[in-house]
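Nothing in this text is a laboratory measurement; each read-out follows from the coordinates by a stated rule. Since the structure is predicted, the reported quantities are computational estimates derived from the model, not experimental observations. Every residue, glycine as well, gets a Cβ built from its backbone with ideal geometry; the counts of neighbours run over all protein chains shown.
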Amino acid sequence: MASEISERPALSERPALAGTADNGLKIVVVGGFGVGKTTMVRSVSEIRPLNTEETMTKAGEAVDDLDGVRTKTATTVAFDFGRITLDARNVLYLFGAPGQERFWFLWDRLFAGTLGAVVLVDTRRLADSWYAIDRLEHHGTPFVVACNDFGGPPHTEAQVREALDLPAEVPLVRCDARSRESSKTVLITLVEHLARLQKAPELIP
């Protein structure tokens, strides 16, 4: 399955999408406010992504923590949705969850039927990722952690794992959510992780 993602032809070379698929596989992208979830879904989706971004207003400044994301002008208020065709029978559906605390009540519903998840983090604001990891562990949902590159101070893998209290068996990768190739690598890492867990279910937290 990993190779199917990596070898998928460019958008301009693909025929029109089939209306249905035998198997719809669901993956959720979660993380703190402004870590790049919408950007990742947009960069890797083969369709024009459905998103629920709204312009941020002065009123929201009193509700949302804008520390580190002062230049952000829009925010997701429900979820993002994208699609990747794996083959004639299998389609991967991507759901990007909203990052603000006031929308966290939506997360548990988004997790229903999820194959696995990507926790996208900004290493300048690692604490913003704790809730996402906690909820995934609560649901028993397998996940990988991807550090999005915002040009902040470098952190070693050991430092990030310690800050997030991340088990050794959970993959940790670096990425640029703006890059389609980089985002595909994150998804391939998740698929490979899910395959390992299927062979050794005792590794699931």
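With a ≥ b ≥ c taken as the square roots of the eigenvalues of the C-alpha gyration tensor of the stretch 87-176, please select rounded if a/c is under 1.5 and otherwise prolate if a/b is larger than b/c or oblate if it is not? Prolate shape, in that a/c is at least 1.5 and a/b is the bigger ratio. For the stretch 123-205, what does the alpha-carbon gyration tensor say about shape, rounded, prolate or oblate, given a ≥ b ≥ c as the root eigenvalues, a/c under 1.5 as rounded, and a/b over b/c as prolate? Verdict is oblate for the stretch 123-205.
Highest average first, the peptides 85-91, 189-195, 140-146 ordered by how many other beta carbon atoms sit within 10 Å of their residues are 140-146, 189-195, 85-91.
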